[in-house]
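Each remark here refers to the structure printed beneath this line.
The values are calculated or read from the model by the stated rules, or taken from the named source; none is laboratory data. Computed from a prediction, not measured in an experiment: that's the story for all the values here. Glycine gets a Cβ as well: all are built from the backbone with ideal geometry, and neighbour counts include every protein chain shown. What goes into the accessible areas is simple: the full protein's heavy atoms, side chains included, and nothing from ligands, DNA or RNA. Shrake-Rupley method; radii C 1.70, N 1.55, O 1.52, S 1.80 Å.
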Amino acid sequence: MMNILRNISIRNKLTFIILSVVLLSIIIGFTLNSIREYTSLKEHLAADSIMTARLIGEYCISPLDFGYTDEVTANLSKLAAIPTVFNGYVYDADGNLFAAYNRIGEASAPPIPDDDMFAMFEGDWLHVFWTIEFNDEKKGTVYLRVSAGELSASLNNQLFALMLVGIGVMILAYFLAVGMQRVVSRPILKLAATTERISKEADYSIRTRRTGSDEIGILYDSFNNMLDQIEARTSDLNKEIGERRKAEEALRASEEKYHGMIRNLIEGVYSVTPEGTLLDYNDEFIRILGLDAGKDHTGISLPDFWQNVADRHSYFEEFLKHGVIRHYVINAHRVNGEEIVVQVNARMIRDERGEPLRIEGTFLEITDLKRAEEEKARIEEQYHQAQKVESIGRLAGGVAHDLNNLLSPILGYGELLLEDLDSNDNRRESVDEILSAALRARDLVRQLLAFSRKQMLEYRPVDMNDAVTGFDKLLRRTIREDIEIKIVTSPGIPMVMADIGQVEQVIMNLAVNAADAMPGGGRLTIETSPINLDDGYAAAHAGVQSGRYVMLAVSDTGFGMDEETRDHLFEPFFSTKGEHGTGLGLATVYGIVKQHGGNIWVYSEADKGTTFKIYLPASQESQVDEMPAPSSISADLRGSETILLVEDNEQVRHLARGILKRSGYNILVAENGVKAMSILASNDTPIQLLLTDVIMPEMNGKELFERVIKERPGTKVLYMSGYTDDVIARSGVLEKGIAFLQKPFTVLALTAKVREVLDRD
């Protein structure tokens with residue numbers, strides 16, 4: 001039944017409900033009408049009975065006044081004609097029964113009421129009283145007992161039947177209405193409950209099951225389809241919301257990261273009005289300008305931090321021209337006055353009309369970078385200088401050998417020629433000039449080799465105090481008398497490994513330059529002291545390694561030097577003496593110091609004098625090597641020993657042979673190592689000394705000596721060369737204790753060195 005009802009359309013369901021209500025209304029109407037008719041009939045019965053009682057009273061009571069009892073009884077008997085009247089009684093004015101009519105039995109009349117007319121239903125009976133009055137005087141009372149049972153039974157049956165039908169119809173209509181209501185309302189309530197649940201739980205996966213094919217079923221299908229669409233759309237929206245949320249989170253993270261980056265940038269970020277009033281800034285901007293991080297600095301004028309007005313004007317002129325500034329370097333200062341250098345990038349922000357709104361930009365402090373660039377430029381300049389020195393050194397090293405071989409015969413033969421000339425010979429002056437020129441040429445080559453650090457050095461432990469004090473007399477003979485010389489030494493300074501001759505040359509060059517810087521006289525101070533250069537000093541001075549050093553300082557009170565002169569001071573051929581200087585003096589000093597592993601620094605100001613400080617590494621040696629005393633070298637440089645002379649340069653070979661022969665030595669000559677070994681093989685003469693060139697074709701000097709010593713044990717060796725130290729070092733003859741003679745040599749230098757080597761134990 002319910003399934004049938006579910007498939008009926010709502011329109012038909014509503015029609016059925018309306019018809020049920022109409023039917024119910026009709027039944028109720030009939031029932032009410034029956035009740036109304038029943039009541040009306042009873043009223044009519046009561047009225048008719050009252051009329052009957054009145055008539056009886058008029059016919060029966062009136063005769064009482066005259067005593068006509070029979071007539072009263074006769075009149076009562078007429079009640080037999082009225083089937084509904086079962087009993088009739090007449091009472092006199094005193095309430096005594098005067099006459100009676102009983103169709104069936106006798107009726108006990110109820111008490112006579114006070115009203116003159118009274119009708120009362122009691123069960124199936126109607127009690128009627130009628131009181132007769134004349135001239136306000138009570139004459140008597142008529143009582144009738146009327147049967148209403150048949151009428152009541154008929155009416156009651158009809159009423160009961162109607163009531164049963166009405167109740168049945170009402171029950172049926174109720175159940176039909178309830179059923180219809182449930183069929184109609186339950187799906188709607190279920191749909192409403194589902195909708196409420198969906199709205200509360202926001203769960204669009206909830207579905208309602210279709211209960212029929214009526215409009216509600218269609219509504220269910222539509223609702224479910226709508227939910228499917230909502231769910232799909234919700235899923236899309238959730239994805240979109242999720243993506244948007246991710247995007248928002250990413251944006252928020254990006255913004256936080258951006259703000260964090262802005263806060264933590266190594267660049268200062270700022271915003272100012274077009275006039276330069278500060279609007280916004282980050283922490284680095286505050287740090288750069290040295291402002292208090294705990295205060296608000298909006299409203300301050302940014303251009304007030306520029307060091308000069310020109311920077312302010314140029315800064316704003318750039319904006320007027322281009323509206324943007326890129327990599328603009330400005331000299332600024334912090335709040336405390338400390339000077340800084342900043343690089344500015346900025347852009348003018350304009351409104352829709354093109355009017356300036358604000359300036360946004362960045363600050364990057366480049367003070368250290370600027371200093372580093374200056375230091376880099378200085379180092380690059382030093383590097384270029386070193387390259388220049390290296391180039392000149394390579395050139396000097398390349399020509400030194402040939403120049404030395406050319407100068408050796410010039411010096412040697414000049415000295416030999418000078419010895420052969422009489423003291424009164426006019427040619428001595430010419431020979432002296434030749435020798436003087438040759439010596440200057442030799443010294444020039446040595447200077448070139450010195451500043452290029454390619455000259456031969458003989459390293460020995462040197463006490464710088466002894467070197468300075470021992471050089472004092474020579475300095476006083478060289479320096480003008482109007483210059484005071486002051487020697488200040490520190491006791492207990494460590495030894496340095498140095499070539500004493502080169503150290504003396506350094507002192508002499510610096511002293512001569514100091515004297516030239518004091519044309520009106522002054523004071524020359526030479527001092528020594530031990531010093532430790534720490535890592536901080538080494539980091540601040542390029543090329544310096546930390547450690548123990550001995551400082552040699554040469555100071556003067558002369559006119560000093562400006563910055564430009566200091567920048568070019570050690571360049572070769574740079575001179576402040578014009579044509580009177582070669583420009584190699586300080587370059588030579590620089591080369592000697594560097595070749596000793598030391599450093600040199602200059603402190604000078606115009607009109608305040610100059611100080612050269614030389615730092616030579618301290619040696620582990622604690623004692624100075626004993627140099628041969630003048631007395632240990634024979635005053636007579638002559639000898640009779642046999643010397644094997646090996647030299648590949650013909651002029652040098654002939655010169656050395658001639659000098660040594662004149663000194664009394666027996667000379668065996670060979671042009672190379674192979675010839676020398678051939679001479680040894682064919683000659684049994686004992687050989688006391690091998691005098692050999694270092695660099696020769698086929699066999700170098702060291703290899704030759706190693707072969708000679710095997711053949712002739714006890715033979716001594718003296719090496720000579722015109723090459724630079726790096727070339728000679730590769731040949732392996734620069735070991736400690738090896739005798740060496742640098743070309744070009746003089747007659748005295750050769751004979752003295754030969755005699756020294758032969759006289760060694």
>> From the list 303, 274, exactly one residue is in contact with a helix residue (DSSP H, G or I) (Cβ under 6 Å, 6 or more places away or on another chain), within 17 Å of residue 359 (Cβ to Cβ) and either modelled with pLDDT under 85 or among the charged types (D, E, K, R) (or both). Which is it?
In response: 303
> Which residues, taken from the range 393-440, are at pLDDT 75 or above and under 27 Å from residue 591 (Cβ atoms)?
Replying inline: 406, 407, 408, 410, 411, 435, 436, 437, 438, 439
> Quick one: which of 466, 443 is open to solvent by 50 Å² or more (accessible area, probe 1.4 Å), modelled with pLDDT of 80 or more and assigned to a helix (DSSP H, G or I)?
Replying inline: 466
>> Exactly one of these conditions fails for residue 332: (1) surrounded by 12 or more Cβ atoms within 10 Å (Cβ to Cβ); (2) out of contact with any helix residue (DSSP H, G or I) (no Cβ under 6 Å at 6 or more places or on another chain). Give me its number.
In response: (2)
> Would a scan of the range 150-159 turn up a residue that is at pLDDT 70 or above and either open to solvent by 80 Å² or more (accessible area, probe 1.4 Å) or more than 30 Å from residue 24 (Cα to Cα) (or both)?
Replying inline: no
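Just the residues that are more than 12 Å from residue 305 (Cβ to Cβ) and of a type outside the set (Asp, Glu), please, taken from the range 272-285. Explain how you work it out, then say what you get.
Residues of the range 272-285 that are more than 12 Å from residue 305 (Cβ to Cβ), as a first pass: 273-275, 277, 279-284.
273, 274, 277, 279, 281, 282, listed by residue number.
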>> Need pairs with beta-carbon distance below 9 Å; first residue within 13 Å of residue 672 (Cβ to Cβ) and assigned to a loop (DSSP other than H, G, I, E, B) and within the range 686-710, second open to solvent by less than 40 Å² (accessible area, probe 1.4 Å) and of a type in the set (Phe, Trp, Tyr); sequence gap 6+ or separate chains.
In response: 694/719; 694/740
> In the range 596-621, which residues are aliphatic (A, V, I, L, M) and buried (at least 21 other Cβ atoms within 10 Å of the Cβ)?
Replying inline: 614, 616
>> Can you say whether residue 536 is in contact with a strand residue (DSSP E or B) (Cβ under 7 Å, 6 or more places away or on another chain) and within 25 Å of residue 605 (Cβ to Cβ), as far as the supplied structure shows?
In response: no
> Scanning the range 663-676 for residues that are open to solvent by 40 Å² or more (accessible area, probe 1.4 Å) and assigned to a helix (DSSP H, G or I), which turns out farthest from residue 419 (Cα to Cα)?
Replying inline: 674
> Just one of the numbered conditions (1) modelled with pLDDT under 80; (2) open to solvent by less than 40 Å² (accessible area, probe 1.4 Å); (3) not β-branched (Val, Ile, Thr) is not true of residue 284; which one?
Replying inline: (1)
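Of all the strands (runs of 3 or more DSSP E) wholly in the range 471-553, which have at least 2 residues that are open to solvent by less than 50 Å² (accessible area, probe 1.4 Å) and farther than 25 Å from residue 460 by Cβ? Even if it seems obvious, please write down each step before you answer.
Numbers: elements: 483-488, 496-498, 522-533.
Ranges flagged: 483-488, 522-533.
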> Got a number for residues in the range 750-761 being touching a helix residue (DSSP H, G or I) at 6+ places or on another chain (Cβ under 9 Å) and hydrophobic (A, V, I, L, M, F, W, C)?
Replying inline: 2
> Name the residues in the range 641-662 that are modelled with pLDDT of 90 or more and either part of a strand (DSSP E or B) or touching a Gly at 6+ places or on another chain (Cβ under 7 Å) (or both), would you?
Replying inline: 642, 643, 644, 645, 646
>> Looking at (1) under 24 Å from residue 413 (Cα atoms); (2) modelled with pLDDT under 90; (3) surrounded by 15 or more Cβ atoms within 10 Å (Cβ to Cβ), which one does residue 636 not meet, given that it meets all the others?
In response: (3)
>> So the check is Cβ under 6 Å with 6+ separation or different chains; which pairs have a first residue in the range 713-727 that's over 16 Å from residue 409 (Cα atoms) and a second one that's at pLDDT 90 or above and assigned to a strand (DSSP E or B)?
In response: 715/690; 716/689; 717/690; 718/691
